[in-house]
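Structure, as structure tokens:
The values are calculated or read from the model by the stated rules, or taken from the named source; none is laboratory data. Note that this is a predicted model, so its numbers are computed, not measured. Counting neighbours? That spans all protein chains shown, and the Cβs are built from the backbone with ideal geometry, glycine included. We work out accessible area using only protein heavy atoms, side chains counted, and drop any ligands, DNA or RNA first. Shrake-Rupley method; radii C 1.70, N 1.55, O 1.52, S 1.80 Å.
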Amino acid sequence: MKRFFLFAAIATLSSCGSDPDKAILGKWKPVDKYGSEEEKTAFTIMAYDRKEAIEFLEGGKFNVYRDDVIKGSAEYTLASDGKSVVVQEGGRAGGSMKIVSLDNDKMEIVTDFSFMNGHDTVIFRKYDYDNKEEVYDLKKKAIEKELTSELSRFHKSVTDGVSSIIAFIQKKSPDNAQIKELADLRKSMIETQPTGLDQASGLLKSLNAFIQKTGPMVQEYSKNDYYEGYRVKSTLENLQSLVSNGYYGLNSNIEAYNKLAKEMKWDEMKKPSLQ
């Protein structure tokens, strides 16, 4: 049995609205914790995905679950004063937990060992409590937040690459008649910070037009400049890959969102494209 399942725990019943002998019985799953919104979201999603649970049975048996499989077992005894529970496995001490509140369908505990985030106040519900919709909404919001960051990274990748190519062309051909047109196109792309996937598609279309104009020039001007020419051709290839394959950070988050959308019957997201 793994170390973090081997513990002796003293649970102090700070607030109990019903008979603790009966209220504590059953299988409990963690559904939330106290902390910042980011901490709460990460914990709730993790606990749901892992299918974690603890269980108190009549006769003094205590089980710990992950993925609906028992990962550790112990014995527990409720003290005669009803204010503490001693849980131990093989007589070995490993930590303690305090039950802050307990009733028939909700329990809050604090532990000082790593299982269930030591020192955090974790909120449990009975195992049949359905929090799927709540968890999926949290996942949705987390993906949408990450998409905002990825849109910013995508925009920077495009504008940095475009700027590098224009600088190379201007250096090789200062009097090139297309420099102003390319500079205007770059300015338009820099000013178009995408806040949604439709705008990201617009940025891809502008990038594609830029590549069509500059591709032949890059090939021509890099012939006699191996080192800088190689660097700029690599930049051009990366930009071409963005047009052909999309930006990985956007694609992976869109795929994760659409996986949820299919199950929850939400409208799916469309990846940025030239269409």
**Asked** Which ones in the stretch 15-55 are in a helix (DSSP H, G or I) and either among the hydrophobic types (A, V, I, L, M, F, W, C) or open to solvent by less than 10 Å² (accessible area, probe 1.4 Å) (or both)?
**Response** Ala23, Ala42, Phe43, Thr44, Ile45, Met46, Ala47
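Among Lys156, Lys139, which is the only one that is at pLDDT 95 or above and surrounded by 13 or more Cβ atoms within 10 Å (Cβ to Cβ)?
Values: Lys156 fails: surrounded by 13 or more Cβ atoms within 10 Å (Cβ to Cβ).
None of the other options fit; the residue is Lys139.
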**Request:** Could you list all residues from the stretch 86-131 that are open to solvent by 60 Å² or more (accessible area, probe 1.4 Å), modelled with pLDDT of 70 or more and farther than 16 Å from Glu55 by Cα?
**Result:** His119, Asp130
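Let me confirm something: among Pro174, Pro216, which residue is open to solvent by 40 Å² or more (accessible area, probe 1.4 Å), of a type outside the set (Phe, Trp, Tyr) and not in a helix (DSSP H, G or I)? Don't jump to the end; show me each part of the working.
Details: Pro216 fails: not in a helix (DSSP H, G or I).
Answer to the check: Pro174.
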**Request:** Just give me the residues in the stretch 232-275 being open to solvent by 90 Å² or more (accessible area, probe 1.4 Å), touching a residue at least 12 places away in the same chain (Cβ under 8 Å) and assigned to a helix (DSSP H, G or I), in sequence order.
**Result:** Asn238, Glu263
**Asked** Which residues, taken from the stretch 195-207, are part of a loop (DSSP other than H, G, I, E, B) and more than 14 Å from Lys270 (Cβ to Cβ)?
**Response** Thr195
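Mind listing whichever residues of the stretch 177-194 are outside any loop (DSSP other than H, G, I, E, B) and either under 42 Å from the mean Cα position of the chain (by Cα) or under 18 Å from Leu236 (Cα atoms) (or both)? Steps first, please.
To start, the set of residues in the stretch 177-194 that are outside any loop (DSSP other than H, G, I, E, B) comprises 179-191.
Correct list: Ile179, Glu181, Leu182, Ala183, Asp184, Leu185, Arg186, Lys187, Ser188, Met189, Ile190, Glu191.
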**Request:** Test Glu181 against the criterion of being farther than 22 Å from Pro272 by Cβ, of a type in the set (Asp, Glu), in contact with a helix residue (DSSP H, G or I) (Cβ under 7 Å, 6 or more places away or on another chain) and open to solvent by 30 Å² or more (accessible area, probe 1.4 Å), and give yes or no.
**Result:** no
**Asked** Of the conditions (1) within 27 Å of the chain's Cα centre (by Cα); (2) modelled with pLDDT under 95; (3) of a type in the set (D, E, K, R), Lys223 fails just one. Which one is it?
**Response** (1)
